[in-house]
Amino acid sequence: MFRGRFAFTILIFFTFSLAVKASKANMDYLARRSELLKMEDGLRLGAESFSKMIAIFSIICLNLFTATTTANLPVENSKYFQVREELIQTEDHLSTGGEVQLNSKEIEVDRIFMKYKIEELKEGSHHPSKNAAGMHFFKAKPLIERSKVFRFLQQMPKGALLHLHNTAGVSSEWIVRNLSQLTGLLRCIDQRGINILTFRENPERHKCTTQYVAVNEERQKSRSQADYNRSFENLINLYTKRPELEYPTINHVWDRFQNMFSTVKDFIHYLPAYRVYLWRLLKESYDDKIIYVELRFTTFELYDRLGQVYADEHFLTVILEVVGSFRSQYPDFLGVKLIYAINRRLETNEVRNRVEILKKFHLAYPNIMIGFDLVGQEDKGKPLTDFIEIFKEVPDTIKFFFHAGETNWYGTSTDLNLFDAILLNTTRIGHGYALMKHPILWKAVKERNIAIEVCPISNQVLHLVWDLRNHPGAFYLSQNIPVVISSDDPGFWGAKGLSYDYYYAIMSLASNQSGLRTLKQLVWNSISYSTLNKTERALANATLKRQWDLFLDGILNENQ
């Protein structure tokens, strides 16, 4: 029997509005899913007649407006521009941040920010080679880092980071300078041609076709250690000067992207390395004014220099120890909660086994191990419908945070995962890139207050969109669909924290006229749509408010 998480109300807006409630008592899961698909199809079939109706209505309104405002009046006396401005303001109030009220300090800080923003946008308009907002991140990064807008965003408190993957959450430059220098690091090449980094010789596990090479010895023997370090960093960073040539298709970049997880997996799960790696992940987040993280991770066995291997439970113990130690040093950092994420290409039996592991961890740490997700290239992975029977067995206390609709396709099993994510009562949706194409769903998402974890740079680097001004996140912001800005796997493309993604959010996705109201809404969304409990949320809001006030004072002092 389906659990309570499967019952919900979904709103369908056709003409004015039509509400349809899925009944738990009378409809099974697949029947409800089929009905939703038919409803959406019906919207498309009726689009032509609906459009004609709207067109006729618009003409009537326009004629009435013209007759009542401009007939027999000189142009300079007409109300045209007054009405025009009212329409613009009305639309602005509908967008993300549209209802945010700024105090006197915020109004002045907004004025400062908008001066920076308009100057940069104007420069980009006149000189496209300087238009970072419309450029690929790999080309724009130097421009962004010189930007006044970016420096402003670096100072801005950001609340929570709600979509970050453990294995790619630390900057590659730090890994090169630190972890790659550790004694005992080895490198080999496996049968797929992928470089494997590890601190243990285990040819059977690594499937190496070459001998293990000591990285530090290889570095010392190289003609240039700087060149060697750059080559090493290329193993764990997608950066290239010409991404359009290096990654001509989405599969090219995804293959390289997924290979990098194979490269680093054994490397960072060396126990001494993982402790400092996780600390650095927290520090890079904290330094970018993030006070709380919900981290997607998969358990792996940890091992030490003596060859001892630790069970999955120890992985959680280490995380709790490192986070606790970090919080003792930085008490305004509120902590980490964990979302158990497994590859969507796994066989059904393996997914069931992993869910059992999750249930065991959740029982032991119910306020830390909070949720479940499927990850990997969605176009090539199994659809959510393959695992419905398994999902029924997940207790209600474990929340779903499904990656869904991370695709450019329309009408495939990939974008239809969005239907299942919502039917399964997902708490948030990872990426949701294709959501805009499904009117029933994006209206339901808004009505049910399901946040979309928008990861601008990830979607660009992984080949969904080149110019982020064309990202569907612009539509989500215009409709005030719940959005939280996230970074996904920043270490794999030369970013860290959230400031780079916020740059694109406010410069590319948001209106040119959007400023501090939009930013403030996005920041507070990160707390509102987190899984913090009532007590934790109150503390988070108080901490964020205190940091926000200090931020305002800092900006004002800089601009006296």
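Please treat every number below as a calculation from the coordinates, not as lab data. Computed from a prediction, not measured in an experiment: that's the story for all the values here. Note that each Cβ is placed from the backbone with ideal geometry, even for glycine, and that neighbours are counted across all protein chains shown.
Can you check what the net charge comes to around K105, using other residues whose Cβ is under 15 Å from the Cβ of K105 (Lys, Arg +1; Asp, Glu -1)? All intermediate terms of the calculation are to be shown ahead of the outcome.
Details: positive: R111, R517, K520, K545, R546; negative: E106, E108, D110, D549, D553, E558.
Once positives and negatives cancel, what remains is -1.
Given +1 on the Cβ of Lys and Arg, -1 on the Cβ of Asp and Glu, and no further charges, what dipole in debye does region 225-352 carry about its Cα centre, rounded to the nearest 20?
Details: 16 positive and 18 negative charges, 37 e Å.
Using only the charged Cβ atoms, the result is roughly 180 debye.
About its Cα centre, how strong a charge dipole does the chain have in debye, to the nearest 20, once Lys and Arg get +1 and Asp and Glu get -1 at the Cβ? It would help to have the intermediate numbers written out before the result.
On the way: 68 positive and 63 negative charges, 44 e Å.
Rounded to the nearest 20 debye, it is 220 debye.
Report the local net charge at L556: Lys and Arg +1, Asp and Glu -1, summed over other residues whose C-beta lies under 14 Å from its C-beta.
Details: positive: K105, R111, K115; negative: E106, E108, D110, D549, D553, E558.
Summing Lys and Arg as +1 and Asp and Glu as -1 gives -3.
Is region 406-540 rounded, prolate or oblate when judged by the Cα gyration tensor, a ≥ b ≥ c being the square roots of its eigenvalues, rounded requiring a/c under 1.5 and prolate requiring a/b larger than b/c?
Details: a/c = 1.41, a/b = 1.05, b/c = 1.34.
Rounded shape, in that the Cα axes give a/c under 1.5.
What shape does region 253-333 have by the C-alpha gyration tensor, where a ≥ b ≥ c are the square roots of the eigenvalues, rounded means a/c under 1.5, and otherwise prolate means a/b greater than b/c and oblate the rest? Mind showing how you got there, number by number?
Numbers: a/c = 2.22, a/b = 1.23, b/c = 1.80.
Oblate, because a/c is 1.5 or more while a/b does not exceed b/c.
Tell me which trypsin sites (Lys or Arg not before Pro) from region 226-277 have a DSSP coil assignment and no more than 13 other beta carbons within 10 Å of their own. If you can, show how the numbers build up before the last one.
Numbers: sites: R230, K241, R256, K265, R275; in loops: K241.
Loop-located and lightly packed - K241.
Taking the Cα centre of region 343-428 as origin, work out the dipole magnitude from +1 charges on Lys and Arg Cβ and -1 charges on Asp and Glu Cβ, in debye rounded to 20. Write out the running numbers ahead of the final one.
Values: 11 positive and 13 negative charges, 55 e Å.
The calculated dipole for region 343-428 is roughly 260 debye.
Counting only Cα, what are the radius of gyration and maximum Cα-Cα distance Dmax of the chain, in Å?
Looking at the chain, its Cα Rg and Dmax stand at 25.2, 92 Å.
Please name whichever of I450, S478, Y310 sits farthest to the positive end of the charge dipole of the chain, dipole taken about the Cα centre and charges placed at Cβ: Lys and Arg +1, Asp and Glu -1.
Y310
What do you get for trypsin sites (Lys or Arg not before Pro) in region 176-224 restricted to DSSP loop and a cutoff of at most 13 other Cβ within 10 Å of the site's Cβ?
Sites meeting the loop and neighbour criteria: R192, R223.
Arrange the peptides 436-448, 498-510, 345-357 so that the one whose residues have, on average, the most other Cβ atoms within 10 Å appears first.
Numbers: 436-448: 20.0, 498-510: 25.9, 345-357: 14.5.
Taking the mean over residues of other Cβ atoms within 10 Å, the ranking is 498-510, 436-448, 345-357.
Grab the Cα-Cα distance for E99 and K38, subtract it from 0.36 nm times how many residues apart they are, and report the gain in nm with one decimal. Kindly include the intermediate steps, with their values, before the conclusion.
Values: separation 61, 0.36 × 61 = 21.96 nm, distance 3.52 nm.
Residue separation times 0.36 nm, minus the Cα-Cα distance, leaves 18.4 nm.
Restricting to the chain, what percent of DSSP beta bridges are antiparallel, rounded to 5?
Working: 13 of 41 bridges.
Expressed as a percentage, antiparallel bridges in the chain total about 30.
Compare the Cα positions of Y80, V276, I388 along the charge dipole of the chain (+1 at Cβ of Lys, Arg; -1 at Cβ of Asp, Glu; about the Cα centre) and return the one farthest towards the positive end.
Farthest towards the positive end: V276.
Peptides 472-478, 35-41: what's the order by average Cβ count within 10 Å, highest mean first?
Result, highest mean Cβ count within 10 Å first: 472-478, 35-41.
Near A311, within a Cβ-to-Cβ distance under 12 Å, what is the net charge of the other residues, with Lys and Arg +1 and Asp and Glu -1? Walk me through the intermediate numbers first.
Values: positive: K360; negative: E301, D312, E313.
Counting the neighbours of A311, the net charge comes to -2.
Going by the alpha-carbon gyration tensor, a ≥ b ≥ c the square roots of its eigenvalues, is region 290-423 rounded (a/c under 1.5) or, if a/c is not under 1.5, prolate (a/b greater than b/c) versus oblate? Please report the intermediate quantities before stating the final value.
Numbers: a/c = 2.01, a/b = 1.62, b/c = 1.24.
Taking the square roots of the gyration eigenvalues as a ≥ b ≥ c, region 290-423 is prolate.
Pairs of Cα atoms under 8 Å, at least six residues apart: use those to get the relative contact order of the chain, whole percent.
Values: 832 pairs, mean separation 122.1, N = 560.
Result for the chain is 22 percent.
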